[in-house]
1. When segment 82-119 is examined, which residues are found to be surrounded by fewer than 14 Cβ atoms within 10 Å (Cβ to Cβ) and under 19 Å from residue 56 (Cα atoms)?
2. Check off (1) touching a residue at least 40 places away in the same chain (Cβ under 8 Å); (2) of a type in the set (Lys, Arg); (3) farther than 21 Å from residue 35 by Cβ for residue 116 and give me the number that stays unchecked.
3. For segment 24-120, list the helices (runs of 4 or more DSSP H) that sit wholly inside it and hold at least 1 residues that are at pLDDT 90 or above; which are they?
4. Listed residues 53, 114; which is of a type in the set (D, E, K, R) and in contact with a Cys (Cβ under 6 Å, 6 or more places away or on another chain)?
5. Return the residues of segment 20-61 that are within 18 Å of residue 97 (Cβ to Cβ) and exposed (fewer than 13 other Cβ atoms within 10 Å of the Cβ); say none if nothing qualifies.
6. What do you reckon, is residue 59 under 30 Å from residue 33 (Cα atoms), of a type in the set (D, E, K, R) and out of contact with any His (no Cβ under 7 Å at 6 or more places or on another chain)?
Amino acid sequence: MLNKSGRLYVIVDMEEVIRNKVAESGIITLNLEDFYPREEVIIFDIKDYLFMEMILKEKDFREALKQHNWQQYAGKTVGITCSADAIVPLWAYMLIVTYLQPLASFVATGSTEEIKNGCC
């Protein structure tokens, strides 16, 4: 029905039962905490691979990554970070991920706290 201002309104009988259409729709409720990763978080610090903890030398960096024991990250959540105040090119992070991807269950940039809080 329309009132004088032209707006639609419905008269509801007070004895009519209010149905919960959401509950009847078959929507499944998911607890997101069930999907939260429970693996140990290991931090891969790029600082250890920098010359004088300031400069990334590509040739030395690539060789050091080839020699690194990547098996320790198998099935783990890995956070890639640089604790030194250095400018690290993006390709360095991508190169590390190429080594971690076949082994680690999850890889992200950031600290342990950032990864656990889902900020990355």
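1. 83, 85, 87, 89, 90, 91, 94, 98, listed by residue number.
2. (3)
3. So the answer is 58-67, 90-100.
4. The conditions single out 114.
5. Passing the criteria: 39, 48, 58.
6. No, not satisfied.
The values are calculated or read from the model by the stated rules, or taken from the named source; none is laboratory data. Please read all numbers here as calculations on a predicted model, not as lab measurements. No Cβ is skipped: glycine too gets one built from the backbone with ideal geometry, and neighbour counts run over all protein chains shown.
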